[in-house]
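Below is one structure, written out as structure tokens; comments come after it.
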Amino acid sequence: MIRLEKRPQPSKVWTYTTPILAVLLTMVFGGIMFGLIGTSPFEAIRTIFWDPLFHPQFSGFSRPQLLVKAGPLILIAIGLSIGFRAGIWNIGAEGQYIIGAIVGAGVGLALYPMESALILPLMIVAGALGGWAWAMIPALLKVRFGTNEILVSLMLVYVAENLLASVSSGILRNPEGMGFPGSRNLAQWSSSQNLELIPGTGMHLGVLTAFIAVILAYVLLTRHIQGFNIRLSGEAPRAARFAGVSPARTVLFCLGLAGVLAGMAGLFEVTGPAGQITIDFGSGYGFTAIIVAFLGRLHPVGILLAGLLMALTYIGGELAQLMLGVPGASIQLFQGMLLFFLLGVDVLTNYRVRFGKGEVAA
Amino acid sequence: MDLSNINPVLLVASLMVSATPILLAAIGEMVVEKSGVLNLGVEGMMITGAVIGFIVAINTGAPLLGFAIAAVAGAILSLSFGVLTQVFLSNQVATGLGLTLVGLGLSSLLGKPYEGMKAETLPKLDIPLLSDLPVLGRMIFSHDIMVYLSLLLVLAVWAFLKFTRAGLILRAVGESHDSAHALGYKVIRVRIAAIMFGGACAGLGGAYLSLVRVPQWTEGMTAGAGWIALAIVVFASWRAGRVLVGAYLFGGITVLQLNLQAAGMTWGVQYLSMSPYLITILVLVFISSNRKRGSHDAPASLGQTFHATR
């Protein structure tokens, strides 16, 4: 007979080992999946996890991509994790990311072709505000009417995607683009471009912001009363209310912060790696960031590492598509499996597994 | 724009078709939530049902078999959620999201070779005599069998929860798992059964999308239908009859906006396409603002992890 016994405190050892265990399990079952679709499992796993970093031919290109992909994932996941800590389930980061990009790019394009060093900072602020405003919709509805933030924030993703389709073939369309949908290329306009700060590393302003966000989130959660209140609201909502923590303010703060970070991530993406507003520029970072947040144990440093790992699966996945011809969707499944296994093995952190007959209850 | 092109008879007929996938998924999810489990993976189970149903129908030429296997696939996928949340005691919200991500990935992997193909669809079932009625006949009484099955399912769920002992146990588990456990009911077994029923319903709903409503397979074709089903359960205050009303209202909005697009309303197609989602939000706001005055309708143990201490 196997029983689970709740630990008085989450296990320190398992907190650190469960993510690694989950990655290993994903490699095993992902390998089986690749085997089933007719690819050599070992080759597939090597192509995804090893080749992007160390392959003599490809690593030169793919190493900088690691930071390019990890930047937005980390930035969004940091914002989400703070909400998740407080029990606020913002799963509409994809929408906040898209709206941030649209608003930021819109402000920039309104000033085109002016040249000024102030334009990019202005666009960043506008992008942050755009994401914030989009996140305020579920936040205010939750505070005012008690509406479920999960459903509202998710519905707003579909609204944002339709808005994106509308503006990229409408108001933001490049007038010199010969009628093709898509905005002017922001990465080629010197006032708005967000280029690599150190050539050859992939380090652009967004990645730098992500690193700063990691540090600030760490300080917030461990050293600041607001961070304490957030953790308290998540772990013991009743205690938090008795301690005078306003649930409404927590909701507004957490969703607002997530919106700001996701909006900035969108703006950095559209002025840098993506370059322009197009129908499909979204690319699902907002959803993958949810996996990153959990894989990183909702801890800023963990999220930093998880973001890098998830970026690796993106790049390795692209490489595996190119080299081995595996379908792109298998990578998506691979990432989903990772989250599943992580949630499964997490039981070891909070519960002790007991074998044998149950003892007499004391 | 020419509104006279919109035929009210066809509008109601297509409303029923367009509401059926959401109705199936929502009635299943309602049973799951009644047992105290919040499964946010409806979207993932639906799209898996859509792809499995389509593949089976293409390969066997039997759409009904497609529906059956889709239901089984949905139930198996939901079992993974059940094991994780009930046995491994994982967080239901996170696991449900994971289920959606897994389902989306799995379905596009399986469906890749089948894109652009056309499966045999269900035949229209003309109910004798009734389908010959002048207007109502074409409107309501000449649909395929799944439309009527979904209506029967709503009725069955309502009767099950209201009149049977098993339904009472399921509701007890959802209201207070500790009390139900103390009375000797198997909380985990009841919940896993409910989760699998929900998965099977979501699978059926997905298969209806790919086999009747659209009818073909495209990646990500559910486009939020699973999430809307979740919203409809809230809208319905966890009551079977209101799930039906909610799903048909929503189907009506979807069909109306498609008809407006087809009637030549060229301006802002995207704004029409986003309207179902916006209306869902408005409805949620309306329901939750009303709830403040009235009683709380949600099952009391909804979304909580059950761990028997002894």
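Taking amide hydrogens as placed 1.01 Å from N in the peptide plane, the amide H of A:Tyr351 sits under 5 Å from those of A:Arg7, each at least 5 positions away in sequence or on another chain.
Averaged over the residues of B:81-92, the number of partner chain Cβ atoms lying within 10 Å of the residue Cβ comes to 4. Residues of the range A:277-305 with an amide N closer than 17 Å to a point placed 7 Å from the Cα of A:Thr222 along the Cα-to-Cβ direction: A:296-305. The mean number of partner chain beta-carbon atoms within 10 angstrom of a residue's beta-carbon across peptide A:285-295 is 2.
Among A:Ile99, A:Ile137, the ranking by other beta carbons within 10 Å of each residue's beta carbon, starting with the fewest, stands as A:Ile137, A:Ile99.
Among A:Ala320, A:Ala139, A:Ala117, the residue with the largest mean-square fluctuation in a Gaussian network model of chain A, with springs joining Cα atoms closer than 10 Å, is A:Ala117. Between A:Ile212 and A:Ser116, the simple spin-label model (points 7 angstrom out along Cα→Cβ) gives 2.1 nm.
How many partner chain Cβ atoms sit within 10 Å of a residue's Cβ in peptide B:100-113, on average, as a whole number? All intermediate terms of the calculation are to be shown ahead of the outcome.
Working: counts 5, 13, 9, 2, 6, 12, 7, 3, 6, 11, 4, 2, 5, 1.
Per residue, the average neighbour count from other chains is 6.
How large is the helix-only mean residue ellipticity at 222 nm for the protein assembly as shown, computed as the sum of -39500 (n - 2.57) over DSSP H runs with n ≥ 4, divided by its residue count, in deg cm²/dmol to the nearest 500?
-22500 deg cm²/dmol
A crude spin-label estimate for the pair A:Leu36 and B:Val9, with each label 7 Å from Cα along the Cβ direction, gives 4.8 nm.
Taking amide hydrogens as placed 1.01 Å from N in the peptide plane, the amide H of A:Arg184 sits under 5 Å from those of A:Asn174, each at least 5 positions away in sequence or on another chain.
Compute the distance in nm between two label points, each set 7 Å from the Cα along the Cα-to-Cβ direction, one at B:Glu115 and one at B:Ala300. Label-label distance for B:Glu115 and B:Ala300, simple model: 5.1 nm.
Once backbone amide H atoms are built at 1.01 Å from N, A:Ser192 has no partners under 5 Å, excluding neighbours fewer than 5 places away on the same chain. Taking B:Pro276, B:Pro123, B:Pro134 in turn, the Gaussian network model of chain B (Cα-Cα springs below 10 Å) assigns the largest fluctuation to B:Pro134.
Computed from backbone phi, the HN-Hα couplings of the range A:35-41 come to x, 5, 8, x, 10, 5, x Hz, rounded to whole numbers (Karplus: 6.51 cos²θ - 1.76 cosθ + 1.60, θ = phi - 60°; Gly and Pro given as x).
For the range A:129-138, 3J(HN,Hα) computed residue by residue from phi via the Karplus equation (6.51, -1.76, 1.60; θ = phi - 60°) reads 5, x, x, 4, 4, 5, 6, 5, 4, x Hz, glycine and proline entered as x. Calculated FRET efficiency, B:Leu152 to A:Gln9, Cβ-Cβ distance, R0 = 60 Å: about 0.70 to the nearest 0.05.
Considering chain B as a Gaussian network with a 10 Å cut-off on Cα pairs, which listed residue, B:Gly226, B:Gly98, B:Gly246, attains the greatest mean-square fluctuation? Taking springs between Cα atoms under 10 Å, the residue moving most is B:Gly98.
One decimal place: the segment A:Glu176-A:Leu24 gains 49.7 nm when fully extended, by the rule 0.36 nm per residue minus the C-alpha distance.
A short reminder: the numbers here are calculations on the coordinates, not readings from a lab. Quick caveat, the model's predicted, so the values are computed rather than measured. So basically every Cβ, Gly included, is an ideal-geometry build from the backbone, and we count neighbours across all protein chains shown.
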